[in-house]
Structures are given as structure tokens and as C-alpha cells.
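This report concerns only the one structure given below.
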Amino acid sequence: MEFLADNSMYVTLIIASLILAGLLLYLARIDARLRRLERER
Amino acid sequence: MRAAAIGFARAIDLSDPQREGAVRSLQARRTGSALSSAIVGSPRKCDKRKQPAGDSSLLPNFEVCCPALSAHVAWEYGAGVSKPFAGQIVASLLRQTLAVARKDFQSELRTRHALNSLAMFVVVTVSVMAFSIGTERITSGIAAALIWVSMFFTAVTGLGRSFIGEEERGTGFLLRLTVPPGPTYAGKLLVNLVLSLASNAILGLMFIVMIRGAEMKAPESFLVVVLLSSAGFAGAMTIIAALIARAGSKGALYPVLSFPAILPLIVLGVDLLRRSMSGIGIAAMADDLLLLGVYSVAIMLAGYLLFDLIWRE
Amino acid sequence: MKGLLIGGATVLGIVLGFWPAGLMKPKPAWWRWLAIATLAATVLLGLGVPTGGDFRSAIRTTMGRGDSAPLPVYASVVELRADGSAVLRDMTDTTITVSDAARIIADAGAGKGDRVILGLSFNRGKAAFIARRHLFTNPLFTLPLIPGLEERARNIYFHVPCAWLVQVAWFIACCYALLSIRKRRVEDDVRASAAAALGAVFCVLATLTGAIWAKFNWGEFWNWDPRQTAIFVVMVIYGAYFALRSAIQNDEQRARVSAVYLLLMLIPVVFFLFIYPRMVDGLHPGAGSLESQPLDSATMRPAAPPTAGQKDSPAPEKTAVPAPEKKDAGPILSSDPDALNPIKQVIFSLSFFSFSLLFFWILNVRVRISLLERRREMSRAATTGIVPGPIAEDIVRPS
């Protein structure tokens, strides 16, 4: 916490990577659904 | 029976393209009168004098209970009657609203199941609070918060019965056929309004009697706050009860769905109640009271506008 | 100019989200590449453009703090002296001599006349800057150093578009809910629920990013600030919406009931978005309470810290008296052009645009998948003879 408060760049980096990770996770879920549908076809 | 009921629904639905045929077949079968009197009330209550003049043989007999509406139907079909006044239609809608409310109260008074359980819920809730707090003297802020917690759960348990009961008994179908959606909503809202006002008033009074620290220093503002928040509770709970009745009476959904609609009431109401309990008059908090009233009216109006969409089959 | 830039980017993002191919057909290749390119540019610029302040903002930032953390200061080198000190001039034409800076500048290959960003810390005892490290030489663009925010100011490029897209998603879901009631098309219900699902995802992202940021800026992860309350309510509504949807089996019924619920919830949402923030004290920029409080315009927060014992609370400085409109609008909506630096405006607009494209891309894929799933279900039902939906219920119901 102390470290993060002094180097606030990392706070931003954590936030940005969190957003990207969240969206990628969501995309991966959608991709899995799509692949399932394609396999069933 | 079902075919007759569908025909009846078509006949009173002014927007249905097949209404004309339905009116004719109903006239042939003469089932309308029996249905409507079975639901809305006995025929002796209906005013024969207000039946439209002229040739009404084209119409089914449901006009005994909603004369102005049926006059409107007759006028649209060129049955030789004059166009009904707007006042006539409003009067008929009001009558239907009161009929729905009366029906609910009558069926409630027959068993007293919901009333008893609601009253006992209030008593038990306040007792739990009183025993938990003991002889401690609480601040008016905490007292207001506790009253609101109790009011929320009382509303969630007590006010949802209206439409779920109809679906459980299977009477919703017949109600749908005899009364248009607007008066149905208004009637149910009226019942919920009375119930929530009564339970909240009893709850508030019991708190003040049983719990040290909960004092009513400004009774008139306390009353106004309880009145306005009861109106908001009734408005939100009526439309959400109708939604849940459509979702197959899932009781567990009730607090989940109603919480977001109630939250603005809580946010405004807790502070208002706290202020009224510490003796601040109506004039000093008129702005927030107005906001509370506007929110209550807005949720009622939204419920009225949206009710039509979920009530219809 | 600022309004035109940000507003234009926002509108263009939504227009481009709908215009080629809508939500039900695949987006063309150029569209997808545009989305990827703008998103990459947002991340690169949002994280990559260096921060460099002037001497005064650096002094303000170090207030109430030990002198361990160096702060980026953007200055041009006037002179490198033989005794190891360097004369630096910042953007406000303040000239300061920093001892020990000459070696650091020379080691980095910079010399007289170059513009550099140096990591300086301010020693309160000696009332002098100490050079710690060299960061950049001749950067193309710099972002200003905002006391109290510093590098955390970059959160604006990630958190704000997410919060904005929650509202866009809500609006789209409501529009399609209304359409599904009016036209009774299955596609509209699919689109409404897909928009709501994506809105819930962005809701979670906006909440998490905001909470982490708030921990370092306001001292707590969660403060029940009006905007936090609003997003919490929206999250609860999304949860209730999907709970309601999962409780109804019949397709048509589900579409109608959930659409009505979404439209009914417009009233509390309007209350929490527009009325509540003006009623209650808040921490977010644009909160109504700021009208009555002195506001440190640069830090985007009230001068009085919300929690006691916060370690990096900046001392309020009575240097600039903020204009009235600045007080109630916050840096983005404010009509004052100085409230948001021009480079920030560009990156901010880009982030709005690229996040909108990303949102519509995911929405498009989701809608297509839901429709495909539905179509498969129908065809399977046709082959097995079990018909889903209203017809099956009609058969079961005794007449």
C-alpha cells in the first residue's frame, strides 16, 4: 500500500490491466459460447 | 366457458379488430351478464337507468356494470345512441376502480388471512426490536432507521399478495375479462394504499410507545412523512406484485425486485423521519417532502402506464 | 472546442456502433481494425504520455509528505554549472537552481537547451529541490502534474468511459425494451438483454476501477458517495433484471415482463443519477455539495479531506479562486477550457470513442450468438417435436 501510494503510476496500471482483463474474460466467455454453437452445427 | 370469456374480452377491448364479431356472438349467447355480475358485483347494484337509450340489442349485457363504456361501444358501432360524455366514462372508470377495491376487501374480510398475518408481522417486528434494544435509549436517527427497516419488510411481506392471490385462485383471468386494466390497477393500488398506510401508522405508533428514544415531537410532519412514504410503498409494490404474478409467483423475487424502487424512498424518508421525530415542522422540510411526494406519484404513474402491458394476456 | 471534441467523439462512437451492419450482422473488417487501432492508441497514449509538472505544482504535491518520493518536473536546461548544479526553467518561466542535477542530466546525454523531465523531490527543511533521476529528454507531449492526483489522473481514460458506457447500455436496453413491447419482435428482446448484460459487465468494471482509485485518493475503497450509490443501484437493478428473466420460461412473457421492469426502473435510476447527487455531499467532481465547499480545482476534490488521517491529503492552497461554473461541473463538463489540458482532451475523446467501439463490437457478437442459439433451439424443437414457448403452455393449460 505504501509503495503503491508513492508510485501512483502502478495504481493506474492495475486499473488499466483490470479493465482489459475483465473485457478479455468476457470476450473469452462469448468466444466459448460461439465455439460451442459452431461445434453443434 | 373459456371461449365465451375470450369473446367477452374482445367485446370490451376497444382496440381489438375482431370486436364486432365478438359482440354479435355474445349477444347470441347472452353470457356477458352472468360473467360480469359474478365478478364485479350483484346485478342489483347496477343502475338500469343509465343504460344507453336507443337500440341496444346489438350489445351484450355487460353494460349493466359499465354503462358509459358500453355506450361508447354502441356509439362506435352506430347503434343509434349518442356519444357518451367524458364525465360518464370517468364515472364508470371510478365505479370499476371502487368495485375492484371492494371485491378485494370483501374477499379479505371473509378469511382475514392477509390482514391477520400483516398485523401479527407488525407486532412481532416491533417486539423483536423492542426486546433487542431493551431499556437502552436510542437516538432519533437510529429510531428512524429501525422504523424504516420494519416498514420495508412489512411492505415486502404484506403488499405483494394482491396479484399473486388472483393468480393462485385463478381469478385473475376473470378479472382481466370484466374490468379494463386501468381500473384494475387503480383498485389494487387503492387496497395497497390503505393496507400500507394502516400498517405503517400502527408500526410508527408502536415504535413510539414501546421504544425509548423514539419520540414524536412533531406529530403533523411525522404523519405527512408516513403518509407520503406509504403512498410510495403502495405504488412500487403494486406494479412489482403484478410483475411477479406474471413470473409465476416467485415469492423470493419480491424483495430483490422491489429494493431498487424503494431505495429512493429510504434515502429520502429516513432523514425526513429523523427530522420529524426531533421536532422539525412541515414547513422546514417542505422541499424534501415535495421530492418524496413527487417520487411516490411518479412511481404510481409509471406503474399505471406499464400495468396495461403486463396485465393483458 | 473541448465540448466539440469530446461530444463529437462520443456521438461518433455511438453512430459508428450502429451504422455499419447494425447489431445483428457482422461488422466489416475496416470497422474492427478501427476499433483495435483506437483502443491500442488509447492504452498507449493514456499510459505512455509522460507527466511533467512545474516547480510550484511539485511543491504543492509534496506537502504533508516525506521527501522520499520524486515527482516529475518538466523544465528546460538553462545552464549546467561546474559545481554540479543546474539552472532549470519550467513552463511558468520560474527559474530554479537544483544542486546535483548537472551530473544526472549529463549522464542521460542531455545538455543545455534540451527539455527534460526530472524526478525531483522537495526537501522541506532546506526548502530546496533534490534531483533524483532523469526520466525523459525532449518529450513530444507532456501531461500536467496535478497535485493530489499525479499519475492516478490517468484513471480518467479508463474509469470514465466505463461509467459512461453503463449509461449508454442502459439507454439502449430501455429503447429495445420499449421496441420489444411495441413490435413484439424476439430480436428486440435479445438486443435489450444483451445490452443489459454488457451494461452489467461495464458496471462491475467501473465500480472496481473506481474503488481502487478511491482507496488511494479518498482513503477508502467505498465511501457511499452519490455516484457510487447510483452505480450500486444500477448493479442491483441489473441483478434483479436477470433474476426476473431466469424465473420466466415462456419467451414472449419473459420479453414483456422484463421489458416492463427495465422501464419501471427508469424512475429510480433517474432519481439516483440526476436528483440524488445534487442533494447529498459527494466526492466525485460535479457533486452538488461542492458549491458550498472550497474546492481545490486541480485535485478534483473538496479541499477538506473526507476521512481523517489520510496520508496524502494535500493542503488546500488559496492560490486560485475557481470560477463558479468550474465548481459544479467538474473538469469534463466544465465550460472553462483550462479545466482539462488539451492533450488530455484528445486522449480522453479517443478513449470515449474506442471504448464505445469495443462496447458495440462485443454487443454485436453477443446478439448474434443469442440469436444463433435461439435458432438452433427452434430447429432442434422442430425435429424432436417439443415446441418451446407459448404454444406448449397453451396445450398444457386445462381449458
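The values are calculated or read from the model by the stated rules, or taken from the named source; none is laboratory data. Note that this is a predicted model, so its numbers are computed, not measured. Ideal geometry is used to build each Cβ from the backbone, glycine not excepted, and the neighbour counts take in all protein chains shown. Calculation scope for accessible area: heavy atoms of the full protein, side chains included, ligands and nucleic acids excluded. Shrake-Rupley method; radii C 1.70, N 1.55, O 1.52, S 1.80 Å.
May I ask you to verify whether C:ARG254 is in the same structural domain as C:GLY17 (by TED's automatic domain parsing), part of a helix (DSSP H, G or I) and more than 29 Å from A:THR12 (Cβ to Cβ)?
yes
With the condition being closer than 17 Å to B:ARG246 by Cα, I'd like the helices (runs of 4 or more DSSP H) fully within the range B:138-198 carrying at least 2 qualifying residues. Talk me through it step by step, then tell me what you get.
Values: elements: B:140-158, B:161-169, B:172-178.
Here the list reads B:161-169, B:172-178.
What is the residue count in the range C:182-224 for residues that are over 24 Å from B:ASP308 (Cβ atoms), modelled with pLDDT under 90 and in a loop (DSSP other than H, G, I, E, B)?
Residues that pass the stated criteria total 5.
So which residues in the range B:280-299 are open to solvent by less than 40 Å² (accessible area, probe 1.4 Å) and more than 9 Å from chain C (Cβ to nearest Cβ)?
The answer is B:GLY281, B:MET285, B:LEU289, B:LEU292, B:GLY293, B:SER296.
Check B:GLY170, B:GLY158, B:GLY134 and return the single one that is without any contact (Cβ under 8 Å) to a residue 40 or more places away in the chain, under 30 Å from B:ARG212 (Cα atoms) and open to solvent by less than 50 Å² (accessible area, probe 1.4 Å).
None of the other options fit; the residue is B:GLY134.
Has the range C:253-272 got any residue that is within 25 Å of the chain's Cα centre (by Cα), buried (at least 20 other Cβ atoms within 10 Å of the Cβ), farther than 22 Å from C:ASP189 by Cβ and touching a residue at least 60 places away in the same chain (Cβ under 8 Å)?
No: zero hits.
Quick test for you: out of B:LEU109, B:LEU195, pick the one residue that is open to solvent by less than 60 Å² (accessible area, probe 1.4 Å) and either in contact (Cβ under 8 Å) with a residue 60 or more places away in the chain or in the same structural domain as B:LEU273 (by TED's automatic domain parsing) (or both). Reasoning before the result, please.
Numbers: B:LEU109 fails: open to solvent by less than 60 Å² (accessible area, probe 1.4 Å).
After applying the criteria, what remains is B:LEU195.
Which condition from (1) closer than 22 Å to C:ILE248 by Cα; (2) modelled with pLDDT under 90; (3) among the hydrophobic types (A, V, I, L, M, F, W, C) is the one that C:VAL367 breaks?
(2)
Go through the range C:46-87 and give me each residue that's in a helix (DSSP H, G or I) and within 12 Å of chain A (Cβ to nearest Cβ).
Listed by number, the residues that qualify are C:GLY46, C:LEU47, C:GLY48, C:THR61, C:THR62.
Residues are listed down the side, and each one gets a yes or a no for (1) more than 28 Å from C:LEU71 (Cα to Cα); (2) within 7 Å of chain C (Cβ to nearest Cβ); (3) assigned to a helix (DSSP H, G or I); (4) open to solvent by 20 Å² or more (accessible area, probe 1.4 Å):
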position: A:LEU4; (1), (2), (3), (4): no, yes, yes, yes
position: A:MET9; (1), (2), (3), (4): no, yes, yes, yes
position: A:THR12; (1), (2), (3), (4): no, yes, yes, no
position: A:ILE15; (1), (2), (3), (4): no, yes, yes, no
position: A:LEU24; (1), (2), (3), (4): yes, no, yes, yes
position: A:ARG29; (1), (2), (3), (4): yes, no, yes, yes
position: A:ALA32; (1), (2), (3), (4): yes, no, yes, yes
position: A:LEU37; (1), (2), (3), (4): yes, yes, yes, no
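Only one residue in B:TYR254, B:TYR295 is in a helix (DSSP H, G or I) and either polar (S, T, N, Q) or under 30 Å from B:GLU313 (Cβ atoms) (or both), so which one is that?
Exactly one of B:TYR254, B:TYR295 is in a helix (DSSP H, G or I) and either polar (S, T, N, Q) or under 30 Å from B:GLU313 (Cβ atoms) (or both), namely B:TYR254.
Of the residues that make up the range C:123-135, is at least one of a type in the set (A, V, I, L, M), farther than 30 Å from C:VAL367 by Cα and touching an Asp or Glu at 6+ places or on another chain (Cβ under 6 Å)?
yes
Inspect the range C:173-181 for any residue being in a helix (DSSP H, G or I), within 14 Å of C:VAL234 (Cα to Cα), within 14 Å of chain A (Cβ to nearest Cβ) and in contact (Cβ under 8 Å) with a residue 40 or more places away in the chain and give the result as yes or no.
There is no residue in the range C:173-181 that is in a helix (DSSP H, G or I), within 14 Å of C:VAL234 (Cα to Cα), within 14 Å of chain A (Cβ to nearest Cβ) and in contact (Cβ under 8 Å) with a residue 40 or more places away in the chain.
Determine whether C:GLY239 is open to solvent by 10 Å² or more (accessible area, probe 1.4 Å) and either away from chain B (no Cβ under 13 Å) or at pLDDT 90 or above (or both).
yes
Looking at the range C:108-126, is at least one residue polar (S, T, N, Q) and more than 30 Å from C:ALA9 (Cα to Cα)?
Yes, the range C:108-126 has at least one match.
Surrounded by fewer than 21 Cβ atoms within 10 Å (Cβ to Cβ) and at pLDDT below 95: does that describe C:THR229?
yes
Just the residues that are among the β-branched types (Val, Ile, Thr), within 19 Å of B:LEU193 (Cα to Cα), open to solvent by less than 40 Å² (accessible area, probe 1.4 Å) and more than 14 Å from chain C (Cβ to nearest Cβ), please, taken from the range B:208-263.
Residues satisfying the conditions are B:VAL225, B:VAL226.
Considering only residues of the range C:107-155 that are on the phi > 0 side of the Ramachandran plot and either touching a Gly at 6+ places or on another chain (Cβ under 6 Å) or not polar (S, T, N, Q) (or both), which is surrounded by the most Cβ atoms within 10 Å (Cβ to Cβ)?
This residue is C:GLU150.
Does C:VAL49 fit the bill of being modelled with pLDDT of 85 or more and open to solvent by less than 20 Å² (accessible area, probe 1.4 Å)?
So C:VAL49 fits the description; yes.
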